[in-house]
Amino acid sequence: MNAENYSRDFLGSLEAEYILNNVVLLAINAKYVHSSLSVWVIAGGISRYAQLPHNINIVEATINQPVLEIVEAVAEFMPEIIGVSTYIWNAGKLPGLLSLLRTRLPDAVFVLGGPEASNNVDFWLKNGADHVLCGEGEYTFPEFLNTRIPGDFKNSDTKVSACIESEQLSPVYENPVDPYTGEYLNTLSGRLVYIEASRGCPYMCSFCLSAGSGVRFFPLDAVKNQIYTLSRSGIKTLKFVDRTFNCNAERAFELFKYVIGLDTNCCFHFEAAADLFDDLMLSLLKTAPPGRIQFEIGLQSFFEPALNASCRHMDIIKAESNIRSLVDMKNIHLHVDLIAGLPYETLDDFMDSFDRAYFLNTHTLQLGFLKLLHGSKLREQAESLGIQYSRDPPYEITSSPWLSPEDLQILIHTENALRHTRNKGRFISTIEYVLSVSGMRPFTLMASLGTAVPNHGVQLEEYVISVYRHFASLPFVDMDILQDRLVFDWLGMVKGKNKPAVLKNTFTRCGDIQKAADKIIGHKLRREEHAVLRSGKNIFVDRSDYDPVTGLYRVHTYDC
């Protein structure tokens, strides 16, 4: 390390109160269900690499918490040093929060790190930071503590600690810091947990901060030990933060095999490149217990000029083929991403990408919007390309030579409808029916639904009525079939709620339905668990049969 080495004799001569610093590591997550990996890794790094002992306290908050509540949570520890992890989701909240913390704790030293601060240093030194650290926190934070005389952090002339070169970081990969202490595990309470098996990415995508960073791997045995510990801790989902988990096929195969063989109910989430799966890997993945594995696959676009302009390299045909193979297995939850706003992709081009991705029939199709991130190549190129974007986080595109503000508004409506229907497992068979008879393409249907039926804080019971009315207005839609599809979907996606009045009818219930249910699923039905369709068929739902892949309940049909 580059840290200045103070002699132990000199350190021993310092006053005790200067040897021990109260340090708060503050994480502000996007949602309560999220947990922070970075602050716990940094805490482990301080414990391992700091030359003096420090009293480390961790505060995890969310962007939705009142600012004063976060201030008091930090102030409770009376810290001399406050370290803050900065990301795109909390950058908008931080200047005001830092100002209030400064008022409350005027003598504290504010140290910022993370992608937002390290790629926009001057801004943060003017907006609340005394120091900005670049690089990997488990090294840079203890280095910061080691290179400054205890008690004299604020007066240092050095405001920015430069990134440490990768060759200097090799020890962290040979013997990585393990953040998963008992204290950490006690804070989880059902939240998402994050883990990393590698850092960096082999790709050069110009919209991504990981572009060109190369890939460095943690030892397999260390990763397996962490997986084992977490899988036995009662957590529900363990999410790997590796940018392209399967970039090394041999390592990926070994870790997939390991998690498949575990005796656990934990679900493991991986970001993967679809075109890198080979037949051997697909054969292994087919053996995974249903719901054990989730894949998030960044397609971004099928429009090759946009992919080329973004330095996004992918074998499109192989990616499509592999995704279809994974869908056919029916044991893995699949999430694919598209980015609207990439260079050269018009609205018509994006519609083609959307429809092509939609018909892959993955469980989630996320429509995201191009973000011009500090430190990304595409942000540097934005002016020459004519791309306009918000100067406030999350720096989303507002227009370009290929997308007008009006085009983006259509995309926003489409994303809203997609997020509140298919991506939540809602109205799956209904949408399939409407697409089959109306002649509409998936993008057009979602755009029309999002425009006609916006959903901002609307209760599901109210939303389904609006969806019913909108679909009923479309050409060639049969009202009876539409209602039957909605009732079927309602039973499969909702627990403990009666159907809205618009989905009820006057047909007489079959008297044998309770007996049939008792025989098939082994218990009596509640009123909201069965229905009579307009076709005359009886359906009922088995709330004990929950599909861990789709997230839906199994619906049975019974003919009297």
* Measure up Lys239/Lys330; Lys236/Lys519; Lys515/Lys537; Lys330/Lys537; Lys424/Lys497; Lys93/Lys424 against 22 Å on the Cα-Cα distance and list the ones that go over. => Lys236/Lys519; Lys330/Lys537; Lys93/Lys424
* Please work out the Cα center distance from region 20-45 to region 113-147, rounded to the nearest Å. => 14
* Structure fact -> Expressed in nanometres to one decimal, the distance between label points 7 Å along Cα→Cβ at Glu462 and Val502 is 1.3
* Roughly how many whole Å is it from the C-alpha centroid of region 46-96 to that of region 431-496? -> 45
* To do: Using just the alpha carbons, could you tell me how many Å³ per residue the convex hull of region 192-403 encloses?
  => 114
* **All-pairs alpha carbon distance profile, region 460-558, 10 Å steps from 0, percent** => 15, 47, 31, 7, 0
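Quick one: pull the percentage of alpha-carbon pairs in the chain with a separation above 44 Å.
Numbers: 40146 of 156520 pairs.
Tail of the P(r) past 44 Å holds 26 percent of the pairs.
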* Asked: region 427-514: which chymotrypsin sites (Phe, Trp or Tyr not before Pro) are DSSP loop and have at most 12 other beta-carbon atoms within 10 angstrom?
  -> Phe476
* State the extension gain, in nm to one decimal, for the chain segment bounded by Lys318 and Leu282, taking 0.36 nm per residue of separation less the distance between their alpha-carbons. => 11.7 nm
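At 1.306 mPa s and 10 °C, plugging the Kirkwood radius over alpha-carbon pairs of region 258-372 into Stokes-Einstein gives what diffusion coefficient in µm²/s? Could the numbers behind the result be given before it?
Details: Rh = 14.9 Å.
Result for D is 107 µm²/s.
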* Simple spin-label model, 7 Å along Cα-to-Cβ: Gln65 to Leu185 in nm? -> 2.4
* Structure fact -> Rounded to the nearest 500, the 222 nm mean residue ellipticity computed for the chain from DSSP H runs (n ≥ 4, each -39500 (n - 2.57)) alone is -11500 deg cm²/dmol
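What full-extension length gain, to one decimal in nm, is calculated for Arg441 and Arg102 as 0.36 nm per residue of separation minus the Cα-Cα distance? Could you put the intermediate results ahead of the total?
Values: separation 339, 0.36 × 339 = 122.04 nm, distance 5.42 nm.
The Arg441-Arg102 span can extend by a further 116.6 nm.
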* To do: Compute the distance in nm between two label points, each set 7 Å from the Cα along the Cα-to-Cβ direction, one at Glu432 and one at Asp178.
  => 4.6
* Exactly which trypsin sites (Lys or Arg not before Pro) in region 199-297 are in a DSSP loop and have at most 15 other Cβ atoms within 10 Å? -> Arg232, Lys236, Lys286
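Taken together, the values in this text are just the output of simple stated rules run on the coordinates, not laboratory data. Not measured: the values here are computed from a predicted model. Note: ideal-geometry Cβ built from the backbone for every residue, glycine included; neighbour counts use all protein chains shown.
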